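Take a look at the structure below.
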Amino acid sequence: MKIAQEIRAGNVIMNAGAPWVVLKTEYARGGRNAATVRMKLKSLLSNQGTEIVFKADDKMDQIVLDKKDCTYSYFADPMYVWMDGEYNQYEVEAENMGDALNYLEDGMSAEVVFYEGKAISVELPTSVEREITWTEPAVKGDTSGKVLKPAKIATGFEIGVPIFVAQGDKVEIDTRTGEYRRRV
């Protein structure tokens with residue numbers, strides 16, 4: 001059992017008898033009021049979102065979910081099919097894929113998350129390497145400070161890249177923030 005101020009984004013907690021994944025937490029300390037933690041939550045069972053404010057010292061149950069290394073196989077509308085090393089297939093609903101859709105490609109490895117034996121979501125590695133399929137050419141003289149230009153990868157997801165990155169380059173992307181890390 002943890003207190004509310006120890007809960008971080010990505011943790012899963014029980015609230016009102018249902019499991020909820022924490023998307024965002026904000027700690028606030030008022031002048032004369034007790035400290036509070038505002039959490040943005042998403043239900044694992046119904047995909048419903050909500051925001052709840054807890055007292056910072058409220059106790060709550062944290063759930064540890066089962067995870068299994070799997071490889072992306074194919075899309076069977078509206079399910080994404082993942083396969084483990086023993087050729088078992090698991091289907092994850094499209095709406096539960098979240099940001100993983102931005103980086104998805106055939107044969108991609110990720111962890112499939114299970115709750116009570118049902119595949120509910122996918123956790124990506126913290127970084128992936130993708131090829132830049134489109135970007136504008138660099139503009140000469142635009143070199144002061146940290147200058148980024150828009151670029152797209154094969155899925156159509158747009159990221160900001162430094163001006164020296166060209167079309168066809170491979171770059172490393174942080175999947176937690178969607179930001180460019182380095183050119184590979």
Take the residues in segment 132-175 that are in contact with a Ser or Thr (Cβ under 6 Å, 6 or more places away or on another chain) and open to solvent by 80 Å² or more (accessible area, probe 1.4 Å); name whichever of them is farthest from Ala100 (Cα to Cα).
Gln167
Given the conditions (1) among the acidic types (Asp, Glu); (2) surrounded by 14 or more Cβ atoms within 10 Å (Cβ to Cβ); (3) part of a loop (DSSP other than H, G, I, E, B), which single one is not true for Glu86?
(2)
Scanning segment 58-75 for residues that are of a type in the set (A, V, I, L, M, F, W, C) and modelled with pLDDT under 90, which turns out surrounded by the fewest Cβ atoms within 10 Å (Cβ to Cβ)?
Val64
List pairs: first in segment 154-165 and farther than 12 Å from Trp134 by Cα and of a type in the set (A, V, I, L, M, F, W, C), second open to solvent by 20 Å² or more (accessible area, probe 1.4 Å) and in a loop (DSSP other than H, G, I, E, B), Cβ under 6 Å, 6+ apart or cross-chain?
Ile163/Ala138; Ile163/Val147
Go through segment 36-57 residue by residue and tally those that are modelled with pLDDT of 90 or more and outside any strand (DSSP E or B).
0
Please list, ordered by residue number, the strands (runs of 3 or more DSSP E) wholly in segment 101-184 having 2 or more residues that are within 18 Å of Trp82 (Cα to Cα) and in contact with a Cys (Cβ under 7 Å, 6 or more places away or on another chain).
109-115
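The values are calculated or read from the model by the stated rules, or taken from the named source; none is laboratory data. Since we're looking at a predicted model, the values are computed, not measured. Methodologically, a virtual Cβ is constructed for each residue, glycine included, from the backbone with ideal geometry; neighbour enumeration extends over all protein chains shown. Note: accessible area is taken over every heavy atom of the protein model, side chains too, but ligands, DNA and RNA are not part of it. Shrake-Rupley method; radii C 1.70, N 1.55, O 1.52, S 1.80 Å.
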